[in-house]
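Working notes, structure below.
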Amino acid sequence: MKILVTGGAGYIGSHTCVELLNDNYDVVVLDNLSNSSEESLVRVKNITGKSLEFCKADLLSKKQIAAVFSENKIDAVIHFAGLKAVGESVSIPLRYFQNNITGTLNLLAVMNDFNVKNIVFSSSATVYGDPASLPIKEDFPLSVTNPYGRTKLMIEEIMKDLYHSDKNWNIALLRYFNPVGAHKTGEIGEDPSGIPNNLVPYISKVAVGCLPRLSVFGNDYDTPDGTGVRDFIHVVDLALGHIKTLPKLFSNPGLVIYNLGTGFGYSVLEMIKEFEEVSRRKIPYKIFGRRPGDVASCWADPSKAKKELGWEAKKTLTDMCRDTWNWQKKNPDGYQ
Ligand code: NAD
Ligand code: UFG
């Protein structure tokens with residue numbers, strides 16, 4: 001079976017390529033390297049001892065996508081490619097709509113032309129907005145507060161319409177909670193360009209001495225210690241969720257939706273404490289006001305994925321911090 005992985009050079013994509021190769025799938029990566037480095041794919045090959053094909057191509061070019069489908073007999077697509085910085089999406093929304101929505105429309109049109117109708121899409125827990133209760137189930141109402149989230153919700157709706165128009169499509173919408181961690185070898189991990197926006201990459205840059213201190217956005221939430229609570233999930237568990245989704249997709253399920261989370265929430269302060277213990281470094285931090293758009297708490301009910309895919313997250317908060325720290329120490333400048 002040959003899987004096309006869009007955005008496969010990126011953080012979650014590269015970890016998923018490792019697990020696909022470990023599971024003996026043939027892998028073709030399509031990525032324009034706008035937020036990644038080809039070095040991640042060299043490392044994927046080193047970890048697995050297997051090769052994959054890399055096509056430097058942009059989803060904004062239908063011609064480039066079609067060339068990949070002409071040269072390869074693709075069985076299914078895992079679609080990671082997209083821009084993902086929430087704050088940036090507020091300042092340059094048109095670029096987000098253009099890249100994420102137009103890119104996805106182009107991909108779906110080419111898939112349709114080549115009669116490849118199996119796709120796994122990277123959605124996000126952001127589509128649940130501020131949930132009325134916890135844990136979050138797949139049938140909760142959907143709403144978004146920023147252009148990035150809107151691209152995820154719009155793509156979900158587009159894929160639902162597509163499925164209703166043609167029941168030959170098999171579509172899995174995977175809603176990720178908060179992916180963190182790195183491969184245990186420390187060869188691949190998250191490599192944000194510039195100053196990180198997300199909590200764990202920021203903490204690890206503070207621990208390694210690249211940034212002086214963490215800003216904690218709010219300690220007055222209605223949570224046990226007042227700081228935000230999230231369902232952090234190890235990126236390798238998340239990657240394995242995709243591996244478990246593929247057989248489901250090939251069983252012609254139609255359109256299916258799964259939360260990929262652990263079902264547990266940890267606060268910002270708990271994450272800082274765990275990272276300090278694992279790294280044996282002090283993480284200086286200062287409390288600031290709330291970050292606009294943040295919710296107090298967010299964690300998944302992952303029981304549907306367990307029941308229907310036979311998947312559940314296994315790695316602990318300690319694993320997440322230890323593997324992030326291992327990657328950060330081995331690669332203080334990322335892939336550069
Ligand atoms: P990432 O930025 O590391 O990977 C995305 C990849 O897509 C990059 O390699 C980038 O170069 C590529 N890309 C972007 N636009 C492209 C285009 N037009 N053509 C070809 N390639 C393009 O991000 P990630 O953290 O690995 O996230 C993967 C997916 O999961 C994204 O769709 C993201 O929105 C989604 N997601 C991520 C998180 C998270 O916290 N990391 C949470 C929920 C959902
Ligand atoms: N936080 C800080 N300081 C920082 C960064 C974050 O205190 O420097 C706090 C936030 O306020 C929040 C928590 O840490 O309470 C987690 O924030 P992240 O930015 O790491 O993650 P988010 O939950 O905001 O969002 C992430 C991804 C989104 C995705 C969402 C899915 O960035 O793309 O998870 O739930 F949609």
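Among the residues of the range 189-204, those that are within 11 Å of ligand 1 (Cβ to nearest atom) and part of a helix (DSSP H, G or I) comprise LEU199, VAL200, PRO201.
Among the residues of the range 205-212, is any under 15 Å from the mean Cα position of the chain (by Cα), within 14 Å of ligand 2 (Cβ to nearest atom), within 30 Å of PRO332 (Cα to Cα) and not in a helix (DSSP H, G or I)? No, that holds for no residue. Inside the range 106-137, can you point out the residues that are crowded, with 19+ Cβ neighbours inside 10 Å and small (Gly, Ala, Ser)? Answer for the range 106-137, where residues must be crowded, with 19+ Cβ neighbours inside 10 Å and small (Gly, Ala, Ser): SER122, SER123, SER124, ALA125. Just one of the listed residues (GLY186, GLY181, GLY209) is crowded, with 16+ Cβ neighbours inside 10 Å and more than 16 Å from ligand 1 (Cβ to nearest atom), namely GLY186. Considering only residues in the range 116-130 that are touching a Phe, Trp or Tyr at 6+ places or on another chain (Cβ under 6 Å) and away from ligand 1 (no atom under 11 Å from the Cβ), the one that is farthest from THR245 (Cα to Cα) turns out to be TYR128.
To keep it simple, each residue is scored yes or no on (1) at pLDDT below 95; (2) polar (S, T, N, Q); (3) under 27 Å from GLU157 (Cβ atoms).
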{"site": "LYS248", "(1), (2), (3)": "no, no, yes"}
{"site": "GLU277", "(1), (2), (3)": "no, no, no"}
{"site": "CYS298", "(1), (2), (3)": "no, no, yes"}
{"site": "LEU309", "(1), (2), (3)": "no, no, yes"}
{"site": "GLN336", "(1), (2), (3)": "yes, yes, no"}
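Filtering the range 138-163 to residues that are of a type in the set (Val, Ile, Thr) and either away from ligand 1 (no atom under 13 Å from the Cβ) or crowded, with 20+ Cβ neighbours inside 10 Å (or both) leaves THR145, THR151, ILE155, ILE158.
Screening the range 1-33 for residues that are near ligand 1 (Cβ under 10 Å from one of its atoms) and free of Cβ contacts under 8 Å to residues at least 60 places away in the same chain and picking the one that is farthest from ARG95 (Cα to Cα) gives VAL29.
Specify which of the listed residues (LYS56, LYS84) is loosely packed, with under 14 Cβ neighbours inside 10 Å, touching a strand residue (DSSP E or B) at 6+ places or on another chain (Cβ under 9 Å) and modelled with pLDDT of 95 or more.
Only one candidate passes the filter, namely LYS56.
The values are calculated or read from the model by the stated rules, or taken from the named source; none is laboratory data. This one's a predicted model, so the numbers in the text were calculated from it and none came from an experiment. So basically every Cβ, Gly included, is an ideal-geometry build from the backbone, and we count neighbours across all protein chains shown.
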